[in-house]
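All remarks here apply to the structure that follows.
The values are calculated or read from the model by the stated rules, or taken from the named source; none is laboratory data. All values reported here derive from a predicted model rather than from experimental measurement. For neighbour counting, all protein chains shown are included, and Cβ atoms are generated from backbone atoms with ideal geometry for every residue, glycine included. Keep in mind that these areas ignore ligands, DNA and RNA; they rest on the heavy atoms of the full protein, side chains included. Shrake-Rupley method; radii C 1.70, N 1.55, O 1.52, S 1.80 Å.
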Amino acid sequence: MLVIDGAYGEGGGQVLRTSLSLSVVTGKPFKIFNLRAKRPKPGLQPQHLACVKALAYLSEAEVKGDELGSQEIVFIPKKLPEKLHYSFDIGTAGSTLLLFQTVVYPLSLSEGGEVVIKGGTHVPFSPCYHYVKEVFLPMAKLFGLEVDLHLEAYGFYPAGGGKIRAFIKPWKEFFLPTLPECFIPENLTVYSVSSERLPAHIVERQLKGVLSELPNCENLIVYKERVKSKSDGTFVFLKSLDKEKVLYAGFTELGKRGYPAEEIGKKVTREWKNFLSTKSQFEEHLADQVLIPISLALLKLRSAKFFGFSVAKVTKHLLTQAWLIPKFLPELKITIEDKEGEKGYVSLYRE
């Protein structure tokens, strides 16, 4: 049984989610201690417990420590999931997208399936629905993973009430694409969204903030929307496809009380411009999220030995994934050049 220190690296829920996914995929049981030790509220919170219970249900796992506040769990999977319709309700504004990213690999590497998840769709400390739909999934498709993802209801903090539906296809073919040397954008798309109960001018002011940072931008596509939701919320999402139509990048900024709408637009656009200035292939949030599909594709393609990419900034999440994935996939070696907070290069080797 693998024994994992949950306090390593970013010391949050990522260690748990990655372990759950790869445990079911590989059939390897694990024990995590110091679970979420670096968070203000250590141990399992509702969204993390939802991940444990979902993966246990998919794999008929034997589990110990699956209760709120637990800082240690043992997880012993028994089988790969069947192709069925699955429904999971986090019960809070916990991220539906993080739960989706936990179940997608066991299902895709088995027979596929349909999954409905209720909870938060645009909440802090997690990728929002638009990012997963418009950036993560197109990038994962480059390596063979295919999912049709749909938003059926928006869910903001604190009430949640959001709903996503995913049709996950069996992952039968694996690829390692040739990447452009750096991200040179072909176009830029901006979503300015707020709850319909909030003043209509918020959407316009968010967009005004974006445009103030892009005075001469060409090929700009704009979507403005006011949406129904249980809790009021607002966000700006910016995405782009590179000129070679291979790489995707995306940035999100959520609104909150006291945060001027113009500043929301300015903040997300400055992040976009900072990314372009690094002349990297992947932006910082994408790198750790696609490390699992890259790892699986590299191991499935027996003729391949190496895959590498540059990232705008090395993060704790990326360093944690690079440490954790080879524990479940020991034939894989992952190295990261340069320090946390700096531009880096990620190398994956199949030994």
Legend entry - Residue ID - farthest from V116 (Cα to Cα), chosen from residues in the stretch 57-82 that are touching an Asp or Glu at 6+ places or on another chain (Cβ under 7 Å) and without any contact (Cβ under 8 Å) to a residue 40 or more places away in the chain: G65
Inset, instruction - Write out, first by first residue and then by second, each pair whose Cβ atoms fall under 7 Å of each other, whose residues are 6+ apart or on separate chains, and whose first residue, in the stretch 1-24, is within 17 Å of L55 (Cα to Cα) and part of a helix (DSSP H, G or I) while the second is modelled with pLDDT of 90 or more and of a type in the set (K, R). - result: G13/R36
Legend entry - Top-ranked residue in the stretch 241-262 [being out of contact with any Lys or Arg (no Cβ under 9 Å at 6 or more places or on another chain) and farther than 18 Å from G209 by Cα; ranked as surrounded by the most Cβ atoms within 10 Å (Cβ to Cβ)]: L247
Inset, instruction - Confirm whether T278 is polar (S, T, N, Q) and open to solvent by 20 Å² or more (accessible area, probe 1.4 Å). - result: yes
Legend entry - Given (1) within 22 Å of H85 (Cα to Cα); (2) modelled with pLDDT under 95; (3) of a type outside the set (S, T, N, Q), index of the condition E10 fails: (1)
Legend entry - Total residues in the stretch 160-189, condition touching a strand residue (DSSP E or B) at 6+ places or on another chain (Cβ under 8 Å), open to solvent by 40 Å² or more (accessible area, probe 1.4 Å) and hydrophobic (A, V, I, L, M, F, W, C): 3
Inset, instruction - Might you let me know whether the stretch 62-83 holds any residue that is out of contact with any Phe, Trp or Tyr (no Cβ under 7 Å at 6 or more places or on another chain), assigned to a loop (DSSP other than H, G, I, E, B), within 21 Å of I292 (Cα to Cα) and among the aliphatic types (A, V, I, L, M)? - result: yes
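Just the residues that are without any contact (Cβ under 8 Å) to a residue 24 or more places away in the chain and outside any loop (DSSP other than H, G, I, E, B), please, taken from the stretch 327-351.
The answer is K333, T335, I336, E337.
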Inset, instruction - Being buried (at least 18 other Cβ atoms within 10 Å of the Cβ) and closer than 17 Å to T92 by Cα is the filter here, so list the residues in the stretch 41-78 that pass it. - result: G43, L44, Q47, H48, L49, A50, C51, V52, A54
Inset, instruction - Run A37 past the list (1) surrounded by fewer than 16 Cβ atoms within 10 Å (Cβ to Cβ); (2) free of Cβ contacts under 8 Å to residues at least 60 places away in the same chain and report the number of the one that doesn't hold. - result: (1)
Legend entry - Residues of the stretch 196-226 classified as surrounded by 15 or more Cβ atoms within 10 Å (Cβ to Cβ) and in contact with a Lys or Arg (Cβ under 7 Å, 6 or more places away or on another chain), total: 4
Inset, instruction - Give the number of residues within the stretch 268-290 that are more than 21 Å from G255 (Cα to Cα) and touching an Asp or Glu at 6+ places or on another chain (Cβ under 7 Å). - result: 1
